[in-house]
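What follows is calculated from the coordinates using simple rules that are stated; it is not laboratory data. Keep in mind it's a predicted model, so treat the numbers as computed, not measured. Every residue, glycine as well, gets a Cβ built from its backbone with ideal geometry; the counts of neighbours run over all protein chains shown.
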Amino acid sequence: MIVRMGTGKISLGTGKVSTGTPTRLRSFDPVRLADLEYRACTGYYLRKWPQVLRASFGLVRLGFGMDWLRTVHGAWLVLRANQLWAPYPDNHPKRARACMRRFYGLVRLTYGEPANPARAAELEVDWWRVHRELQHEPGRSHDKLVDALVRLYTYLYGDPEETLRPAAVHRATAMELSDQWVEEGCQPDSELLPLEHAALVRAYAALLVAVHH
C-alpha cells in the first residue's frame, strides 16, 4: 500500500504551491481513495494479487495522475513491492524499496518531485516495517506507526507534523482493525471490515483538511 501524493507544481518537502489553486496533491476525494486502499489492503492479506493490482492502478491514476503508460508501470511496481514485502519472516525489504524507488522515480520524471525518490521509498517501506513489528507483538501501542506515517506525510507534503498527525492516527487505527481481521481469519462478513473502511475515510478526510490550504 502507498501513501498517496498527487500532481501539479508543488515543491514536496516545502509545501509551497506555485499557483493559487489547489493541486491534485491537495485536492482529492477521500472516499474514493479510501475505498481503493481498502480493496488493496484486503486483497493483500487474501493474496488476491489481481485485486491488489486493480486497486493499485486506481490509486496511482487517481492519486498521481500520470499518463497511462506510467500509471500501468507504477501500479505494477507497487504490486511487486507488496509481493516482495508480503512473506513472513523471509521477505525482501531491499527489493521492495528498490521497486518503490523506481515508482517515485516515475513520479519525479513526470513532475520533478519528490526531490529524492530513494528517501521517499525509504520512508514508505519504513512504515510497512513498523506496522509488521506491531502485527507480531500484540498489545504494543501504535504510536510508533503513527510517527512513521507522520514522517512520510511530512516529507511528501511539507506541512507541520501536528497538522498531519490526525490523519496518521486514523490510518494507524485502520491498520489495527485490519490486523484484528487477519488474526480472526479474514472472514468476508466480518464486522471489522466496514470499521476499517470508515477509518480510512476519516484518515483521508483528515489529510485533506491538513493539506488543503
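Exactly one residue out of LEU62, LEU33, LEU69 is more than 19 Å from CYS186 (Cβ to Cβ), without any contact (Cβ under 8 Å) to a residue 12 or more places away in the chain and assigned to a helix (DSSP H, G or I): that is LEU69. Only one of the numbered conditions (1) assigned to a helix (DSSP H, G or I); (2) out of contact with any Pro (no Cβ under 9 Å at 6 or more places or on another chain); (3) touching a residue at least 60 places away in the same chain (Cβ under 8 Å); (4) within 24 Å of MET66 (Cα to Cα) is not met by ALA115, and that is (1).
Considering GLY43, GLY65, GLY74, GLY58, which residue is buried (at least 16 other Cβ atoms within 10 Å of the Cβ) and on the phi > 0 side of the Ramachandran plot?
On the way: GLY43 fails: on the phi > 0 side of the Ramachandran plot; GLY74 fails: on the phi > 0 side of the Ramachandran plot; GLY58 fails: on the phi > 0 side of the Ramachandran plot.
Only one candidate qualifies: GLY65.
Taking the criterion of being surrounded by fewer than 20 Cβ atoms within 10 Å (Cβ to Cβ), in a helix (DSSP H, G or I) and of a type in the set (A, V, I, L, M), the residues of the range 77-105 that qualify are LEU84, ALA98. For GLU196, indicate whether it is part of a helix (DSSP H, G or I) and in contact with a Cys (Cβ under 8 Å, 6 or more places away or on another chain). Judged against the criteria, GLU196 is a match. Scanning the range 136-185 for residues that are in a helix (DSSP H, G or I), touching a Pro at 6+ places or on another chain (Cβ under 9 Å) and not β-branched (Val, Ile, Thr) yields TYR155, LEU156, ASP179, GLU183. Considering only the range 131-143, I want to know if a residue exists there that is closer than 20 Å to LEU192 by Cα, surrounded by 21 or more Cβ atoms within 10 Å (Cβ to Cβ) and without any contact (Cβ under 8 Å) to a residue 40 or more places away in the chain. So far as the range 131-143 goes, no, none of its residues is closer than 20 Å to LEU192 by Cα, surrounded by 21 or more Cβ atoms within 10 Å (Cβ to Cβ) and without any contact (Cβ under 8 Å) to a residue 40 or more places away in the chain. For the range 174-200, residues that are closer than 19 Å to LEU36 by Cβ and either among the acidic types (Asp, Glu) or under 15 Å from the mean Cα position of the chain (by Cα) (or both) total 7.
Take LEU134 and tell me if it is closer than 26 Å to GLY43 by Cα and under 13 Å from the mean Cα position of the chain (by Cα). Judged against the criteria, LEU134 is not a match.
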